[in-house]
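The values are calculated or read from the model by the stated rules, or taken from the named source; none is laboratory data. The structure presented is a predicted model; accordingly, all values stated were derived computationally and were not measured. Cβ atoms come from the backbone with ideal geometry, glycine included; neighbour counts cover every protein chain shown.
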Amino acid sequence: MSTTSPETTIWDALRGALVTRAVAIVADLGVADALGDSERGVDEVAHEVGADGETLYRILRALASDGVFTERRPREFANTPASDVLRGHGWRDFAHLFGGVWLSAIAQLDASGRPTFEDLHGTGFWAWLAEHPGERAAFDRAMEQGWESRLERLDSVGWGGDETIVDVGGGNGSLLLALLGRRPGLRGIVFDLPETVRDDSAFGDRCRFEAGDFFERVPAGDAYVLATILHDWDDESALRILRSIHAAAAPGTRLVLLEGSIEPGNAPDASKWLDLLLLALFAGRERDEAQWRALLGEGGFEVERLEDGVIEARCR
């Protein structure tokens, strides 16, 4: 049984936006990288990263009280396993987005069911990313974090020896390229918008990038992978994507989704909070098992497996 008081529970919930912004500030400044593997005085670090020393001290002091950084001696800080996560890209880019453009949309969230991002910025999130290449690059890097877990889930699928896999919304291709590295007989097509930040020289002979809009069409392939794509869209938009795939696929073609499924009950579940972020940004949503089965069925697919973050279905 938890010993946390009701008041502490509410306080921790209320201060969440402050924590988010504080983490974003130190991530954008590169404080964890500046600390490295040693402890350093805050004024020295502040001078190096271009921050006010007293303000940075107050931010680090607050974060250290939650285990993000540690104050070893007065005004001297070091990394912790938590702040180490912010070294390099991935989580650092996630922090930048969460505490920046995403936070402004979250701050305007209400109970109307409307996404707030477009009202704030005058355009949808994906169009805004296309207009801001630096943010697009940060988004693509952020989406790479946790790729090892996604690769393990994808590798759990019983792939044939010589299939061509289309990674729909595959970004820079890192996930599919990693799978092809494990499965020498497979070939791949990474399908995404033309402005996707990528290294074309990394694709090699067995994989290629093809630009396009998955609402309009997708390339032909033996199997289709969508890694955390459909949760970005409401049901109507998700159906349009599924129908594009259905139009290109032969009966029996496999569809593999790397998506979570919300479980009933009150257990801590990050996907229930992610669901609210998706609502604020672009009316996306996390789904439970019944909702996934209904959506895929309406899109022309029969679910064969739904477990451990993997949904396998076949084109009818």
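Where helices (runs of 4 or more DSSP H) fall wholly inside segment 120-190, the ranges with 1 or more residues that are within 21 Å of residue 202 (Cβ to Cβ) and either assigned by TED's automatic domain parsing to the domain that holds residue 253 or modelled with pLDDT of 90 or more (or both) are 133-144, 147-155, 174-182.
Consider residue 26 carefully, then state whether it is surrounded by 16 or more Cβ atoms within 10 Å (Cβ to Cβ), at pLDDT 95 or above, in a loop (DSSP other than H, G, I, E, B) and within 24 Å of the chain's Cα centre (by Cα). Against the criterion (surrounded by 16 or more Cβ atoms within 10 Å (Cβ to Cβ), at pLDDT 95 or above, in a loop (DSSP other than H, G, I, E, B) and within 24 Å of the chain's Cα centre (by Cα)), residue 26 does not qualify.
Residues of segment 130-152 being surrounded by 17 or more Cβ atoms within 10 Å (Cβ to Cβ) and farther than 18 Å from residue 92 by Cβ, which ones? Across segment 130-152, the qualifying residues are 150, 151. Within segment 146-170, the set of residues being of a type in the set (Gly, Ala, Ser) and in contact with a strand residue (DSSP E or B) (Cβ under 6 Å, 6 or more places away or on another chain) comprises 169, 170. Only one of 85, 168, 157 is surrounded by 15 or more Cβ atoms within 10 Å (Cβ to Cβ), without any contact (Cβ under 8 Å) to a residue 60 or more places away in the chain and of a type in the set (Val, Ile, Thr); which? Within the list 85, 168, 157, the selection yields 85.
Kindly provide the set of residues from segment 41-75 that are outside any helix (DSSP H, G or I) and closer than 27 Å to residue 12 by Cβ, ordered by number. Listed by number, the residues that qualify are 51, 65, 66, 67, 68, 69, 70, 71, 72, 74, 75. Of the strands (runs of 3 or more DSSP E) lying entirely inside segment 240-316, not one carries at least 2 residues that are over 18 Å from residue 168 (Cα atoms) and among the basic types (Lys, Arg).
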